[in-house]
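Enquirer: Dropping the structure in here first, questions after.
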Amino acid sequence: MKTSLLLACCAGLGLATLSAPADDLKIVAAENFYGGIAGQIAGAGVTVKSILSNPNQDPHEFTTNADTARAVADADIVIYSGISYDPWMDKLLGTRGKPDRVVINVADLIGGKEGDNPHIWYDPRTMPALGAKLVDALSRMNPVGAGAYRKRLDDFNAAMKPELDKIAEMRSASAGLVVTATEPVFGYMAAALGFKMLNDDFQTKIMNDGEPTAAETAAFEESLTSRTARILFYNSQVTDPTTDRIQKIARAAGIPVVGVTETQPPDQKSYVDWMMHELDAVQAALPAKSPSSS
């Protein structure tokens, strides 16, 4: 009876996070930006482990080990990106885990499908959708904490408002700006900003460790030397002789070069901080007057 009264009083004071079951919950995220969101929503009582967290590591070359397999097997909630970005997670999920484990394929939350650009965390819709899914899953596992989870989601959505406002501001000023990239890492954000992206086939081949055709390479270089593209984005975590040469051509032509990362850098405290940092870099690279979209 005393325990029930204590929990009722705590809930009335907004302290529902004192629920004991939450202390035992474990979340494993394939990538650190999803782990960061999970930590913000779940709170201090839940253990969150991110598998990919080193910005100097090529995510496409990641291989699992026994520790990773154990973490996934022991998790109550597993979060991964899907649409072939982290296929190693599919293999780990195929082994035995907790019978009531919740698996969140983030791409499914925004209607992603195979063949789409897999860098979906740059889509402004993605993290609010993940946050809502986490609230649902956590609330089912720990109903006493449901109010606290919802409050943290509200706080996260409020924290995203400056990012969304900045996207709207930049889109209003620069919609139609022609840009290009060595890989489609920044693709969803470029679309949200209203940019016109060139050289998609080249980008896809670089992303998949393929070799662009001579015609694709020539078209890419011409888009820089002619200054048709006004910004070059590149994946600062993955470089090779082809992308290095592209950057040199852009700089020689006076085209601003903006590096973006696939994982959240350690000096960025949150997902929103990371996105705002990259948006600031893009804004600094914008031409004084945007060309028409024609």
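The values are calculated or read from the model by the stated rules, or taken from the named source; none is laboratory data. This one's a predicted model, so the numbers in the text were calculated from it and none came from an experiment. Cβ coordinates were reconstructed from backbone atoms using ideal geometry, including for glycine residues, and neighbour counts include every protein chain displayed. Just so you know, the surface numbers come from the protein's heavy atoms only, side chains and all, with ligands and any DNA or RNA stripped out. Shrake-Rupley method; radii C 1.70, N 1.55, O 1.52, S 1.80 Å.
Enquirer: Considering only protein heavy atoms and a 1.4 Å probe, what is the carbon-and-sulfur percentage of the accessible area of the range 216-289?
Expert: Carbon-and-sulfur percentage of accessible area, whole number: 52.
Enquirer: Which Cα, out of 153, 210, 191, lies furthest along the positive dipole direction of the chain (beta carbon charges, K/R +1, D/E -1)?
Expert: Among 153, 210, 191, the one farthest towards the positive end of the dipole of the chain is 153.
Enquirer: Can you tell me which of 188-199, 152-163, 63-74, 220-231 comes out highest on packing, and rank the rest after it, using the mean Cβ neighbours within 10 Å?
Expert: 188-199, 220-231, 152-163, 63-74
Enquirer: Something else about it: Binning at 10 Å from 0, report for the range 236-280 what percent of all alpha-carbon pair distances ends up in each bin.
Expert: Using 10 Å bins, I get a P(r) of 24, 42, 29, 5 for the range 236-280.
Enquirer: Mind checking which lysines have their Cα closer than 30 Å to the Cα of residue 196? Skip sequence neighbours fewer than 8 apart in that chain.
Expert: Partners found: 113, 161, 166, 205, 248, 289.
Enquirer: Further question on the same structure: What FRET efficiency comes out for the pair residue 70/residue 252, r = Cβ-Cβ distance, R0 = 51 Å, nearest 0.05?
Expert: E(calc), rounded to 0.05, equals 0.55.
Enquirer: Leaving out ligands, DNA and RNA, and with a 1.4 Å probe, what % of the accessible surface on the range 66-115 is carbon or sulfur?
Expert: The nonpolar share, carbon plus sulfur, comes to 49 percent.
Enquirer: Could you go through the range 127-141 in sequence order and give the Karplus-derived ³J(HN,Hα) for each residue, using 6.51 cos²θ - 1.76 cosθ + 1.60 with θ = phi - 60°, rounded to whole Hz, and x for Gly and Pro?
Expert: Calculated HN-Hα couplings, in order: 5, x, 5, 5, x, 5, 5, 5, 4, 4, 5, 5, 5, 5, 7 Hz.
Enquirer: Just the projected area, averaged over all directions, of the convex hull on the alpha carbon atoms of the range 94-149: how many nm²?
Expert: Across all orientations, the range 94-149 yields a mean hull projection of 5.1 nm².
Enquirer: Right, next: Using only DSSP helix segments of four residues or longer, with each worth -39500 (n - 2.57), what per-residue ellipticity at 222 nm results for the chain after dividing by its residue count and rounding to 500?
Expert: Working: 12 runs with 140 residues, N = 294.
The per-residue figure over the chain is -14500 deg cm²/dmol.
Enquirer: Give me the extension gain from residue 90 to residue 165: residue separation times 0.36 nm, minus the current Cα-Cα distance, reported in nm with one decimal.
Expert: 23.4 nm
Enquirer: Can you list residues whose amide H is under 5 Å from residue 103's amide H, if they're 5+ apart or on another chain and H is modeled 1.01 Å from N?
Expert: Close amide H contacts, sequence-distant or interchain: 78.
Enquirer: Could you state the per residue volume, in Å³, of the convex hull enclosing the Cα atoms of the range 82-217? Don't skip to the answer; put the middle values down first.
Expert: Numbers: hull volume 15.0 nm³, N = 136.
About 110 Å³ per residue, rounded to a whole number.
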